[in-house]
Amino acid sequence: MNSALIFGGLLALMLTGMPISIALGLTVLTFLYVMTTVPIEAVALKLFTGIESFEIMAIPFFILAGNFLTHGGVARRMIRFATTMVGHWYGGLGLAAVVACALFAAISGSSPATVVAIGSILLPAMVQAGYPKRFGAGVIATSGALGILIPPSIVMVLYAVATSGSVALDPAGQRVGSASVAQLFMAGVIPGLMLAFLLGATTFYRAWKGNYPRMPKATWWEAAVAFRDSIWGLLLIVLVLGGIYSGLFTPTEAAAVSAVYAFVVAVFVYSDLKLSDIPKVLLSSANMSAMILYIITNAVLFSFLMTSEQIPQSITAWAVGSGIGQVEFLLFVNVLLLVAGNVMEPSSIVLITAPILFPVAVGLGVHPVHLGILMTVNMEVGLCHPPVGLNLYVASGMAKMGITELTIAVWPWLLTMLGFLFVVTYVPELSLWLPRTLGMLY
């Protein structure tokens, strides 16, 4: 009954058009005040203690680094490098978009930022070269979603934060802790590269079938020059992932280092970002960070309410007692997250559902890292379908296309992503093999 009241109240407030963060807070406060004896003073304490996680600091730093790189000409140089590698194949500019999105995703951590950085340059170029606008918009909108799967990823940080401190019992009765940001980052490498390859294969097939334009093959010298020009951006990938794995710094420290590095590259190395533009970049980053942190704050309250009412534990006991297996549970998770993606944006979905799904998944033998990657891929799909797919809106604005037309345009790539989601769901080693090989998992 309590579960029905809590989720019913949250849904009712969301249906009024209220922002999800405010709906979460009001639901928690109303239930605590009316249905429990928990002192309201405890809410204020939880607001502060709940966001004291060191890992949360990674979010504004990654956002800042992505904004510096978006405004600093790094994307343009990566596009040129990608074009020299694959531009001579069928759909060369489309393939270059996929490669450039994968490269930029490895330094930005944000899908909308990847769509803006790559799409604003490549989409007009593709239309001018004779590609159908639908083709270009479809490639950009879906490939930009790689921004939250290829590490570093803000969604992975949110999953780690949402489940931090959670301890559940596996089928053998052993206590299992939540996944760390470093584990999730390494787990996202192989799925991210695999999805980039599949999106590229879809792009190539459609370009070959439609006989879309090809570019002249770049010489070795042109490729070398393009690589040299983009090397400073590419080095950030090595700096972040290499630094985390080698133990030089934590993921949060890596985020701070990447922000400073991106500032130096954008302002002093490439000189594409003027010092007078820095306040605008800082303000934009602060606005986005504040929005996410406000959602986190209210989601912490919601998680506190779930825990105090023993709702995750009750769901776990019911799932185990009813004989539900991993196959059925993972299918349910995918359906739940895909449906939630129709009405909510990724950060809210992860922060609300992760604390509830985590103990149930562990109780059924699902690895916490596997669950994190599974949720991240679901968030990717959610970014690319209506009615609230953020990538669709960003791409729609750049391509001057309606959401309905763009939805039709992304279907070939969206179907590829759904097929990939099925594989990731039921082949956990895709996510677990690399961090396990590196000694990061038991």
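The values are calculated or read from the model by the stated rules, or taken from the named source; none is laboratory data. These numbers were taken from a predicted model, which means no experiment stands behind them. Every residue, glycine as well, gets a Cβ built from its backbone with ideal geometry; the counts of neighbours run over all protein chains shown.
To keep it simple, each residue is scored yes or no on (1) at pLDDT below 85; (2) within 13 Å of the chain's Cα centre (by Cα); (3) at negative phi; (4) not hydroxyl-bearing (Ser, Thr, Tyr).
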position	(1), (2), (3), (4)
Ser120	yes, no, yes, no
Pro124	no, no, yes, yes
Gly130	no, no, no, yes
Ala137	no, no, yes, yes
Ile140	no, no, yes, yes
Ser143	no, yes, yes, no
Leu146	no, yes, yes, yes
Pro151	no, yes, yes, yes
Ile154	no, yes, yes, yes
Q. So Ala207 clears everything in (1) within 18 Å of the chain's Cα centre (by Cα); (2) surrounded by 16 or more Cβ atoms within 10 Å (Cβ to Cβ); (3) assigned to a helix (DSSP H, G or I); (4) among the aliphatic types (A, V, I, L, M) except one condition, right? Which one?
A. (1)
Q.
Being under 25 Å from Ser110 (Cβ atoms) and touching a residue at least 12 places away in the same chain (Cβ under 8 Å) is true for just one of Val377, Val362, Val339. Which residue is that?
A. Val377
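Which ones in the range 393-430 are touching a Pro at 6+ places or on another chain (Cβ under 6 Å) and in contact (Cβ under 8 Å) with a residue 40 or more places away in the chain?
So in the range 393-430, the residues touching a Pro at 6+ places or on another chain (Cβ under 6 Å) come out as 394, 403, 407, 424, 430.
Across the range 393-430, the qualifying residues are Val394, Val424, Leu430.
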Q. Only one of (1) touching a residue at least 40 places away in the same chain (Cβ under 8 Å); (2) surrounded by fewer than 23 Cβ atoms within 10 Å (Cβ to Cβ); (3) out of contact with any Ser or Thr (no Cβ under 9 Å at 6 or more places or on another chain) is not met by Ile356, so which one is it?
A. (3)
Q.
Being within 21 Å of Met379 (Cβ to Cβ), of a type outside the set (S, T, N, Q) and assigned to a loop (DSSP other than H, G, I, E, B) is the filter here; which residues of the range 301-357 pass it?
A. Gly341, Val343, Met344, Glu345
Q) Within the range 215-247, how many residues are touching a Leu at 6+ places or on another chain (Cβ under 9 Å), within 19 Å of Ile79 (Cα to Cα) and surrounded by fewer than 19 Cβ atoms within 10 Å (Cβ to Cβ)? A) 4
**Q.** Conditions (1) out of contact with any helix residue (DSSP H, G or I) (no Cβ under 6 Å at 6 or more places or on another chain); (2) part of a helix (DSSP H, G or I); (3) not aliphatic (A, V, I, L, M); number of the one not met by Gly173
**A.** (2)
